[in-house]
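The values are calculated or read from the model by the stated rules, or taken from the named source; none is laboratory data. Here the structure is a predicted model, which means the values were calculated and not measured. For neighbour counting, all protein chains shown are included, and Cβ atoms are generated from backbone atoms with ideal geometry for every residue, glycine included. Surface accessibility is based on the protein's heavy atoms, side chains included, excluding ligands, DNA and RNA. Shrake-Rupley method; radii C 1.70, N 1.55, O 1.52, S 1.80 Å.
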Amino acid sequence: MLEGIYIVIAILLFVAQLQNGFFTALLTAVFWPIVIVGTSVFLLFSMIYHSVKK
């Protein structure tokens, strides 16, 4: 089930990014989970840092 969702999101991102070029669209479709995880980790550590800093 989760694989299907991943594939659908990747295909939608690929089609949406085709106007920026084929390789850009391909990279976006493949690496979108890494960007989401990285952003989430950054936000988590930022919240922890700011709560400790106060």
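Split the accessible area of the chain by element, probe 1.4 Å, and carbon with sulfur accounts for 80%. Could you work out the percent of alpha carbon pairs in the chain separated by over 15 Å, rounded to a whole number? Value for the chain (Cα pairs over 15 Å): 59 percent. Label sites at L2 and S46, each approximated as a point 7 angstrom past Cα along Cα to Cβ, lie 2.6 nm apart.
Normalised per residue, the accessible area of the chain is 86 Å², obtained with a 1.4 Å probe and no contribution from ligands, DNA or RNA.
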